[in-house]
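The values are calculated or read from the model by the stated rules, or taken from the named source; none is laboratory data. Small disclaimer: the values here were computed from a predicted structure and weren't measured. So basically every Cβ, Gly included, is an ideal-geometry build from the backbone, and we count neighbours across all protein chains shown. Note: accessible area is taken over every heavy atom of the protein model, side chains too, but ligands, DNA and RNA are not part of it. Shrake-Rupley method; radii C 1.70, N 1.55, O 1.52, S 1.80 Å.
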Amino acid sequence: MARRPIVAGNWKMNKTVGEALTLVREVRGMVSMVRDKVEVVMAPPFTALPAVAKAIEDSNIGLAAQNCFWEVSGAYTGEISAPMLAEVGCTYVIIGHSERRQHFGETDETVNRRVKAVVDSELLPIICIGETLAEREGGRTLEVVTRQLTGALSGFDGAQAARFVIAYEPVWAIGTGRNATSSQAQEVHAHIREQLTSLFDREISQQVRIQYGGSVKPDNAADLMSKPDVDGALVGGASLKAADFAAIVKAARVES
Ligand code: 13P
């Protein structure tokens, strides 16, 4: 079955509201011609979500947040809940990004709790998994992504998981300019899909979109996304430049 590619821009901790609006207005004009052939998503910081939501009205761009807490409300100073993100127009929430695992103590268990909160608010998670350089060099890549995937999906059934997006982001490729080769990406993506088949079944695993992330740029995007199990990209640095992000969107492999 054909999966619609999904290209998402993770802006991380970048862009004031004013800067966000400039970027989104530029991107909007540049990606309109892909219409619904490629799903285009932007993940600005929390502060810019309402303004960006308004700026993408009646466009083919969707909105994502970069994280959320698992409780709905309460005495959790500094946290943002999934219902708050739904209210401002998000469709997706990025969960378990390696920067959150690295700097903010995210674990497979807290990832799973956040995914549950996202689903309870009728949002969809983009679940990030990926190995560190030491894990890759130690030959543990497949074991690590299997553990992260299984942990994140614990308690979900196939019908729910079929709509989730998985982002394979090798930590050593993030922000380094050193992307995985397309065959390294394909190997891990195929493994992730096999794991989804064993957790659920083949019909489900064929529906799940698996993005690649880590130094995706206009000049490597088409090669990475040409692989059969690479269903789009999660783009960091290059999503902050309208022309680069639009070029990556246009590089997505579209099944005819
Ligand atoms: P870069 O594209 O800057 O390497 O970041 C990738 C990423 O972390 C997207 O979530």
Sorted by mean Cβ packing within 10 Å, highest first, what order do the peptides 184-190, 211-217 take? 211-217, 184-190
Contact order normalised by residue count of region 106-242, Cα under 8 Å, 6+ apart, percent: 24
Rounded, prolate or oblate: which fits region 88-239, taking a ≥ b ≥ c as square roots of the Cα gyration tensor eigenvalues, rounded meaning a/c under 1.5, else prolate when a/b beats b/c? rounded
Going out from 0 in 5 Å bins, what whole percent of all Cα-Cα distances in region 1-153 drops into each bin? 2, 9, 17, 19, 19, 15, 11, 6, 2, 0
How large a share of the accessible area of the chain, in percent, is made up of carbon and sulfur atoms when the probe is 1.4 Å and the other protein chains stay in place? 51
Less than 11 Å Cβ to Cβ from Pro83, Lys/Arg counted +1 and Asp/Glu -1: what total charge do the surrounding residues give? -4
Specify, per residue and in Å³, the volume enclosed by the convex hull of the alpha carbon atoms belonging to the chain. 116
Can you tell me how much longer the chain between Ser183 and Arg147 gets when fully stretched, taken as 0.36 nm per residue apart minus their C-alpha distance, in nm with one decimal? 10.8 nm
Quote the convex hull volume per residue of region 66-176, based on C-alpha atoms, as a whole number of Å³. 107
In square angstrom, what is the accessible area per residue of region 1-83 with a 1.4 angstrom probe? 49
Quick one: among Gly175, Gly139, Gly74, which has the greatest mean-square fluctuation in a GNM of the chain with alpha-carbon springs under 10 angstrom? Gly74
At 1.4 Å probe radius, can you tell me the per residue accessible area of region 102-219 in Å²? 43
Surpassing 26 Å at the alpha-carbon level, of the pairs Lys37/Lys227; Lys15/Lys250; Lys37/Lys217; Lys12/Lys116; Lys37/Lys116; Lys12/Lys250, are Lys37/Lys116
Simple SL model, points at 7 angstrom along Cα→Cβ for Ser154 and Ser59; separation in nm is 3.9
What FRET efficiency comes out for Val254 versus Thr197 if R0 is 30 angstrom and r is the Cβ-Cβ distance? Round to the nearest 0.05. 0.75
For region 168-240, convex hull of alpha carbons as volume per residue, Å³: 79
